[in-house]
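> Below is a structure I'd like to ask you about.
What follows is calculated from the coordinates using simple rules that are stated; it is not laboratory data. Predicted, not measured: the structure shown is a model, and the values here were computed from it. Backbone-built Cβ (ideal geometry, glycine too); neighbour counts: all protein chains shown.
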Amino acid sequence: MAQHKARAIATENPSEVAIEITTKGEGEVVEVVRQLAPEGFPTDLVPQLADYMARGFNSAYERLSPDTIDLEDYAQARGRRTDPEVEEEAQAATRLLKQLPHLTFSKVVGRVCRFKGVIAGHRCSKKCTDRIRRAVKEYAARQEIETLTKAE
């Protein structure tokens, strides 16, 4: 992990706070962070605000250990968790679509629907088809993400 240092910089806009983040040693500019000062904040105190912003960055950066874990690795996907039964239907539907590409999606749903045989007189309707189609789409997206992350 490269070492970084922040310092306050002057801007043309008197109500803008800006800091420059550079690599330690090389002095190469990594990023310039610009933020408007809060409304009503005295413009003569804006340089001090930029200085405090830089100090805060430097203080937080010094506390980071070299082996700090990136929180994005543990970020959960947004939305509801996938129901295991729906996941099984999605896997079965995906397998069937690969094995028998001539089948229509409604026929695939008729073969993999979890309610068929469980609920007396159940006939797969558009609701079943849409539920499984959505599950297959999400399953395919998760599989693609897994293959991409394994490739890295």
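> Residue by residue through segment 93-145, note down the ones that are part of a loop (DSSP other than H, G, I, E, B) and among the hydrophobic types (A, V, I, L, M, F, W, C). Before you say what the answer is, go through the steps one by one.
Initial filter on segment 93-145 (part of a loop (DSSP other than H, G, I, E, B)): 100-104, 113-115, 117-118, 120-125.
Hits for segment 93-145 are 100, 103, 113, 115, 118, 120, 124.
> Among the residues of segment 1-30, what is the count of those that are over 27 Å from the mean Cα position of the chain (by Cα), aliphatic (A, V, I, L, M) and surrounded by fewer than 16 Cβ atoms within 10 Å (Cβ to Cβ)?
Residues in segment 1-30 being over 27 Å from the mean Cα position of the chain (by Cα), aliphatic (A, V, I, L, M) and surrounded by fewer than 16 Cβ atoms within 10 Å (Cβ to Cβ): 1 in total.
> Report whether or not residue 90 is loosely packed, with under 14 Cβ neighbours inside 10 Å, touching a residue at least 24 places away in the same chain (Cβ under 8 Å) and assigned to a helix (DSSP H, G or I).
Numbers: loosely packed, with under 14 Cβ neighbours inside 10 Å: no; touching a residue at least 24 places away in the same chain (Cβ under 8 Å): yes; assigned to a helix (DSSP H, G or I): yes.
When the stated conditions are applied, residue 90 does not pass them.
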